[in-house]
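Only one structure is covered here, and it is reproduced in the block below.
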Amino acid sequence: MPHTAAQPRPQDPPQADTRPDAALETWLLARHSCRAFLPDPVPRATVERILELAQRTASWCNCQPWQVAIAEGAATDRLRGALLRRAEQAGFTPDFPFPREYQGEYLARRRESGFQLYGAVGVARGDREAYRRQEMRNFQLFDAPHVAIITTDEALGEYGAIDCGGYVANFMLAAQANGVATVAQASLAMYPEVLREVLGIPAGRRVVCGISFGYADTSHPANSYRTRRAEQAETVSWVTD
C-alpha cells in the first residue's frame with residue numbers, strides 16, 4: 001500500500017473566554033497612556049456613554065465629589081495655547097502638593113517609564129533641549145481633540161481626591177471599552193489658575209488632574225511601547241494569623 005502523508009487534523013475553533021472578568025481583563029491589558037492622538041473628535045454620544053459608566057465609581061459616603069469640565073473644539077485649542085504660554089514661565093502652584101520625592105522602586109519605575117518614552121521618540125539621554133520639547137507635549141495635550149479636567153470640592157481634602165482617582169481609572173477603562181484612547185495628566189494640575197480661567201472652574205474646586213482623550217495615532221512612536229507592571233509579590237503581603 002503506497003504511503004500517504006498524514007492529513008492535518010482540523011483545528012478546534014478558539015474557545016471563548018468564559019471567565020466573568022474576561023472583558024475587564026481585555027480592557028485592562030489594552031489600556032495604555034496615549035501620547036499621540038489623531039485630530040478626529042469623539043462623537044458626543046460616545047463621550048456621554050463613557051461619563052455614564054464612570055459615574056458608577058464608588059466614593060466615600062457616596063458623596064461623588066468629582067466634577068468634570070470637558071473641553072472640545074475651539075475650547076481645547078484655547079486651553080492648549082494658554083497652558084503652553086504659562087509653561088514657558090517659571091514656577092507652578094498645584095492645588096494638591098506633588099510628591100516630595102521618588103525613592104527606591106518608585107524612582108526605578110519612574111525612570112524606566114521615562115527611558116521607554118524617550119527611547120521611543122528618539123530623545124538621547126542628556127539632551128535637555130529634547131527633554132523640554134517632549135515635556136511641552138503635555139501642554140499641547142498630545143494633540144488630543146478633548147480634555148477632561150477632574151476637580152473635587154475643597155472641603156473634602158485628600159479624601160475627595162482619592163475618590164476622584166477612582167473616577168479617573170473608571171473613566172479610562174470605560175473609554176477603552178468604547179475604543180477611545182486616554183492619558184491621565186498630573187502635569188495639567190500644575191497650573192490650576194489657567195484651567196479656572198479658560199474653563200470657568202469655580203474657586204472652591206480643587207484640580208486633581210486632567211485626562212486627554214481621543215483616537216490614538218497608532219503609527220506614532222510615542223504609542224509603540226508598554227510599561228511593565230510589578231508582580232504581585234512586589235506589592236501584596238498576606239497576613240494569615
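The values are calculated or read from the model by the stated rules, or taken from the named source; none is laboratory data. Bear in mind that the values here come from a model prediction, so they are computed numbers and not experimental data. Please note: Cβ atoms are built from the backbone with ideal geometry, for glycine as well, and neighbour counts cover all protein chains shown.
Looking at this structure, is residue 119 closer than 23 Å to residue 230 by Cα and surrounded by fewer than 15 Cβ atoms within 10 Å (Cβ to Cβ)? First the steps, then the outcome.
Working: closer than 23 Å to residue 230 by Cα: yes; surrounded by fewer than 15 Cβ atoms within 10 Å (Cβ to Cβ): yes.
Spelling it out, residue 119 is indeed closer than 23 Å to residue 230 by Cα and surrounded by fewer than 15 Cβ atoms within 10 Å (Cβ to Cβ).
Here are the criteria: (1) surrounded by 17 or more Cβ atoms within 10 Å (Cβ to Cβ); (2) farther than 26 Å from residue 116 by Cα. Tell me which single one residue 177 does not satisfy.
Only one criterion is unmet by residue 177, namely (2).
Would you mention how many residues in region 190-225 are assigned to a loop (DSSP other than H, G, I, E, B) and farther than 21 Å from residue 136 by Cα?
Taking region 190-225 first, the residues assigned to a loop (DSSP other than H, G, I, E, B) are 191, 200-204, 215, 217-220, 224-225.
From the residues that got through so far, the ones that are farther than 21 Å from residue 136 by Cα too are 200-204.
Total satisfying the criteria: 5.
Does residue 161 count as closer than 19 Å to residue 208 by Cβ, of a type in the set (Gly, Ala, Ser) and within 15 Å of the chain's Cα centre (by Cα)?
no
Kindly indicate the residue of region 52-69 that is surrounded by 15 or more Cβ atoms within 10 Å (Cβ to Cβ) and out of contact with any Ser or Thr (no Cβ under 9 Å at 6 or more places or on another chain) and also farthest from residue 161 (Cα to Cα) among those meeting that condition.
Among residues in region 52-69 that are surrounded by 15 or more Cβ atoms within 10 Å (Cβ to Cβ) and out of contact with any Ser or Thr (no Cβ under 9 Å at 6 or more places or on another chain), the one farthest from residue 161 (Cα to Cα) is 53.
Residues that are modelled with pLDDT of 95 or more, loosely packed, with under 15 Cβ neighbours inside 10 Å and closer than 19 Å to residue 93 by Cα: does region 141-155 have at least one?
Of region 141-155, the ones modelled with pLDDT of 95 or more are 141-155.
Add one more test, that the residue is loosely packed, with under 15 Cβ neighbours inside 10 Å, and what stays is 154-155.
When the remaining residues are screened for being closer than 19 Å to residue 93 by Cα, the result is 154-155.
For region 141-155, residues modelled with pLDDT of 95 or more, loosely packed, with under 15 Cβ neighbours inside 10 Å and closer than 19 Å to residue 93 by Cα: present.
Taking interchain pairs and intrachain pairs at least six residues apart, which have beta carbon atoms under 7 angstrom, with the first residue in region 90-110 and on the phi > 0 side of the Ramachandran plot and the second modelled with pLDDT of 95 or more and among the small types (Gly, Ala, Ser)?
From region 90-110, no pairs qualify.
So residue 160 clears everything in (1) outside any helix (DSSP H, G or I); (2) under 30 Å from residue 90 (Cβ atoms); (3) of a type in the set (Gly, Ala, Ser) except one condition, right? Which one?
Failing condition for residue 160: (1).
Scan (1) surrounded by 21 or more Cβ atoms within 10 Å (Cβ to Cβ); (2) in contact with a Cys (Cβ under 9 Å, 6 or more places away or on another chain); (3) farther than 24 Å from residue 114 by Cβ for the single condition residue 205 breaks and write down its number.
(2) is the only condition that residue 205 fails.
Of the residues 31, 44, 78, which single one is of a type outside the set (A, V, I, L, M, F, W, C), in contact (Cβ under 8 Å) with a residue 24 or more places away in the chain, within 16 Å of residue 175 (Cα to Cα) and out of contact with any Ser or Thr (no Cβ under 6 Å at 6 or more places or on another chain)?
On the way: 44 fails: in contact (Cβ under 8 Å) with a residue 24 or more places away in the chain; 78 fails: within 16 Å of residue 175 (Cα to Cα).
Exactly one residue qualifies, and that residue is 31.
For residues that are in contact (Cβ under 8 Å) with a residue 24 or more places away in the chain, in a helix (DSSP H, G or I) and more than 16 Å from the chain's Cα centre (by Cα), tally how many sit in region 121-154.
2
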